[in-house]
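Here the structure comes first, spelled out in structure tokens, and everything after it is commentary.
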Amino acid sequence: MRSVADTLQAQFAAFGPVQARGMFGGHGVFFEGLMIALQFDQQLYLKVDAVSRTLFEQAGSRQFIYERMARPVGLSYFTAPPAFYRNADGAHYWSAQAYDAARRASARKAGRKKTKARPAPRWR
């Protein structure tokens, strides 16, 4: 029987070597240190952002939503489109979309940290 990590490695083989880490009751899928996917409850979700969301929606993907304090909370992960599973080209294309979204998110976070890290000047 294959482990979840082995299955995820196989699914992303066309894109590149990924690492799977247990989290959120599922697994996070990381490529070059960035989380590009989430596997939860036998479903694979890929990272999206404002740039790629429409592509995923047009492909029939659904957003990962969970309940927190009796309210729905949507994350920036959408189900992997059927084309992801059809062939290596599809897996590569959709994985690249997820990686690009993760890179953009990381760049935004880095920019916010730089801004927040600077103390306000003290004038006397």
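The values are calculated or read from the model by the stated rules, or taken from the named source; none is laboratory data. Since the model is a prediction, treat every value here as computed from it, not as a measurement. Neighbour counts are summed over all protein chains in view; Cβ atoms, including those assigned to glycine, are modelled from backbone coordinates with ideal geometry.
For region 15-28, give me each residue that is touching a Ser or Thr at 6+ places or on another chain (Cβ under 9 Å) and surrounded by 17 or more Cβ atoms within 10 Å (Cβ to Cβ). First the steps, then the outcome.
Residues of region 15-28 touching a Ser or Thr at 6+ places or on another chain (Cβ under 9 Å): 15-16, 18, 20.
Scanning region 15-28 gives PHE15, VAL18, ALA20.
Applying the selection to region 1-22, what residues are modelled with pLDDT under 85 and more than 17 Å from the chain's Cα centre (by Cα)?
First, the residues of region 1-22 that are modelled with pLDDT under 85: 1-5.
Hits for region 1-22 are MET1, ARG2, SER3.
Within region 43-70, how many residues turn out to be in contact with a strand residue (DSSP E or B) (Cβ under 9 Å, 6 or more places away or on another chain), surrounded by fewer than 18 Cβ atoms within 10 Å (Cβ to Cβ) and either under 22 Å from GLY90 (Cβ atoms) or of a type in the set (Lys, Arg) (or both)?
8
Kindly establish whether LEU34 is under 17 Å from ALA91 (Cα atoms) and aliphatic (A, V, I, L, M). Write out each step before concluding.
Working: under 17 Å from ALA91 (Cα atoms): no; aliphatic (A, V, I, L, M): yes.
For LEU34, the condition - under 17 Å from ALA91 (Cα atoms) and aliphatic (A, V, I, L, M) - is not met.
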